[in-house]
Amino acid sequence: MQRGVAYGVMAGALWGMVFLVPRVLPDFSPLLLSAGRYTMYGVVSLAATLPMARSLVKRLTREDLGALVKLALAGNLLYYVLLTAAVHLVGIAPASLIVGVLPVTVTLLGRRDHGAVPLARLAWPLAIVMAGIACINIDVFTVTDDTPVSVATKLLGLGCAVGALACWTWFAVENSRYLQRQTHFSGNEWSVLWGVVTGALGAALWLVIAVLPSGGLQADVADGRWHTFWMLNLGLAVGASWLGNGLWNAASKRLPLTLSGQMIVFETLFALLYAFIYDQRLPRPLEMAAILLLVAGVCWSVRQHADDDSSGAAPLEKDGQVSAH
């Protein structure tokens, strides 16, 4: 149990870096950040695929390939474009707290498939989550920054965060459903296939960026920044996508469903910790209230489902790995 909790915390620490990188690289567009991250992730996945490539190709069907493309587009490229845009526009705290509601939204979307508890029993947990979201929204629109941001920009940033949450919610449920239907790939095999397809789409995104009008490749970025760009994206590919997934799967094997579902909250908490350290400040009162309310609401929701049925919640997945929600 203690080892499982430690693995879950370390996975959250690695996943939290996903929110920090766009903050460290504000001079790179969301399209560039998504293309860079997933190109590197594709390279890492391809290296992992080589020893079993022949066997995987023989079993790969047209339906599998279509599913992989759709899942990679929604769960990786579009998700990360929206997430990085949200971080650029409103900061890490609002973006991470809104996306942190993921365990609840996955449960709600997948409840018919998995026999979740009645919505009436989720009324209080959901009310607490909504109160937390209200707190972070009030903070976004009332805080005074050194560089003023228009209301329209803040609304767009919050909309991007909600869009990222919607992408991951749809992906988590659809990927779970597909994995349950097909039996010719293990979870690890599906993960590396998904990584390779994601890498191919990431490489194709560079072509889209190249033909975009003014600023597609952001030529004003200093040459030295490109080295930082590639090193950070390599770190995300190896750390967040590969090592983080491995740690999460190890945690899921050692923890009961109730506890492993709550471990996902550490991704949000570490993202916030990195943000406050990077900005060299403490959380504001409304940010602290939002953190406490969202963590409490998510954990309470997970507890309600685990108490009712140990298989009642939809599996939550990170970069193609199946992990218990």
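Some values worked out for this structure:
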| item | result |
| --- | --- |
| Residue in region 244-260 that is modelled with pLDDT of 90 or more and crowded, with 20+ Cβ neighbours inside 10 Å present | no |
| Boolean, Gly12 is under 13 Å from Leu193 (Cα atoms) and part of a helix (DSSP H, G or I) | no |
| Matching residues in region 1-25 - criterion: being modelled with pLDDT under 90 and of a type outside the set (A, V, I, L, M, F, W, C) | Gln2, Arg3, Gly4, Tyr7, Gly8, Gly12 |
| Every pair of residues 6+ apart whose Cβ atoms lie under 7 Å, when the first sits in region 6-28 and is without any contact (Cβ under 8 Å) to a residue 40 or more places away in the chain while the second is assigned to a helix (DSSP H, G or I) and small (Gly, Ala, Ser) | none |
| Selection count where residues are among the charged types (D, E, K, R) and either crowded, with 17+ Cβ neighbours inside 10 Å or at pLDDT 90 or above (or both), scope region 262-307 | 2 |
| The listed residue being hydrophobic (A, V, I, L, M, F, W, C), within 23 Å of the chain's Cα centre (by Cα), at pLDDT 90 or above and more than 19 Å from Thr268 (Cβ to Cβ), out of Leu71, Leu89, Leu82 | Leu71 |
| Complete set of residues in region 228-243 that are of a type outside the set (Phe, Trp, Tyr) and surrounded by 20 or more Cβ atoms within 10 Å (Cβ to Cβ) | Leu232, Asn233, Leu236, Ala237, Ala240, Ser241 |
| Residue match in region 24-41 (condition: crowded, with 18+ Cβ neighbours inside 10 Å, farther than 19 Å from Ala203 by Cα and of a type in the set (Phe, Trp, Tyr)) | no |
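Results for (1) under 16 Å from the mean Cα position of the chain (by Cα); (2) under 19 Å from Phe28 (Cα atoms); (3) among the hydrophobic types (A, V, I, L, M, F, W, C); (4) in a helix (DSSP H, G or I), shown as yes or no for each residue.
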{"site": "Phe171", "(1), (2), (3), (4)": "yes, no, yes, yes"}
{"site": "Val197", "(1), (2), (3), (4)": "no, no, yes, yes"}
{"site": "Leu207", "(1), (2), (3), (4)": "no, yes, yes, yes"}
{"site": "Arg225", "(1), (2), (3), (4)": "no, yes, no, yes"}
{"site": "Met231", "(1), (2), (3), (4)": "no, yes, yes, yes"}
{"site": "Leu236", "(1), (2), (3), (4)": "yes, yes, yes, yes"}
{"site": "Leu243", "(1), (2), (3), (4)": "yes, no, yes, yes"}
{"site": "Leu247", "(1), (2), (3), (4)": "yes, no, yes, yes"}
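The values are calculated or read from the model by the stated rules, or taken from the named source; none is laboratory data. Predicted, not measured: the structure shown is a model, and the values here were computed from it. Every residue, glycine as well, gets a Cβ built from its backbone with ideal geometry; the counts of neighbours run over all protein chains shown.
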